[in-house]
Every structure is written in structure tokens, then in C-alpha cells.
């Protein structure tokens, strides 16, 4: 029994030495655990910072898009204004064309009448002087109508140029 007692005593001493060594190493282990805990917290902070960075980048991108839309709004408004004016110019072109057609038909009618009068003058010699006076009068009317037709054609050309310039401006605005 004494031998058992001695063995137990030796084991007890060995256990106490082992516990003492472990207790001496415990502060180092605690420091190491604290160090690892701090590193873990730092990794968590880094992940939070990354998430915040991603959110800020998204917010910045949307802010830029919004700013671009604000910058483009005046151009879009101007395009809409110019497009709204096109029907008015189309109407003016149509009206001018109709007026030119009416003047052309009037001119043709007067021209036909002038030709008929010229034939009558050739056929009716005794009434030649009277017919000559009427012919001169009709020629004046013809010149007036021709001037009117020329003016209308010039107006029509100017309106068509304006329309073309408007369409070019609209296309330029669309392309910018």
C-alpha cells in the first residue's frame, strides 16, 4: 500500500508541476487569444468597410446618372420644342405650295387668254388697235402674276430651307 501511496504522491507531484507549467503558459495563451480576437474583429471591420464602399460607389453612380439626366433635360426640351414647330412649317410649306399652284394656274389661264387674244389680233385686223391695247393690259397682268409666282416660289424655297435647317438642328441635338 505504501508503494501505491508513493506512486500516487509521485503522480501528484508530476501533476502539480504540469499544472504549474500550464499556469505559467496561460498568460501567453491569453495574450495570443486576445490577439486572435482582435484580428477577427479587424476582419469584421474590413468587411463592413468593403460593404460601405460598395454602397457608396452605387450611390455615386446613381448620382452621376441623375446629374447627366439633369444636364440633358434642356436639350430634350429644346428638341421637343423644335419638333413641335415642324408641323407649323409643314403647314406653311403646304399653303405656299397651294398658293404657288393657284398662281401658276392663274398664270396659265392668263397665258392661254393672251395666246387666244394674239390669234384674234391676227384674224381681226380692223380691230387691231383695240386688241393691242387689251393685249398690253393682259401682259401687265401676266407680269404681275409672274412676279407673284416668283415671290411665292422664293418664299417657298426660304420656308423649305428653314424646315431643312430645323430638321438638321433637331438631328444635331439628338446626336449630342
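The numbers here are math on the coordinates, done by the rules we state, and not lab data. Just so it is clear, the structure is predicted and the values come from calculations on it, not from any experiment. Glycine also receives a Cβ, built like all others from the backbone with ideal geometry; neighbour counts cover every protein chain displayed.
Below, the figures for the structure above:
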| quantity | calculated |
| --- | --- |
| Residue with peak Gaussian network fluctuation, the chain [Cα springs, cutoff 10 Å], from 66, 153, 36 | 36 |
| Distance in nm between pseudo-label sites at residue 105 and residue 18 (7 Å out along the Cβ direction from Cα) | 12.4 |
| Inter-site label distance for residue 175 and residue 78 at 7 Å from Cα along Cβ, in nm | 1.5 |
| Pairwise centroid distance, computed over Cα atoms, of the range 94-110 with the range 23-74, Å | 79 |
| Cα extents of the range 70-176 along the three principal axes, largest first (Å) | 84, 15, 14 |
| Nearest-ten-degree value, helix 2-123 long axis tilted from longest Cα axis of the chain | 0 |
| Compactness of the range 19-78, expressed as Rg and Dmax over alpha-carbon positions, Å | 26.0, 88 |
| Residue 151/residue 114 FRET efficiency (R0 22 Å; Cβ-Cβ; nearest 0.05) | 0.60 |
| For peptides 50-62, 129-141, sequence by mean Cβ density within 10 Å, most packed first | 129-141, 50-62 |
| Sequence-separation-based contact order of the range 31-175, relative, with Cα cut under 8 Å and 6+ spacing, percent | 34 |
| Point-to-point label distance, residue 71-residue 6, nm (Cα→Cβ direction, 7 Å offset) | 9.7 |
| Protection-proxy order for peptides 159-170, 70-81, each taking the mean of Cβ atoms within 10 Å per residue, highest first | 159-170, 70-81 |
| Nearest-ten-degree value, helix 128-175 long axis tilted from longest Cα axis of the chain | 0 |
| Convex hull per residue volume in Å³, alpha carbons only, for the range 1-138 | 187 |
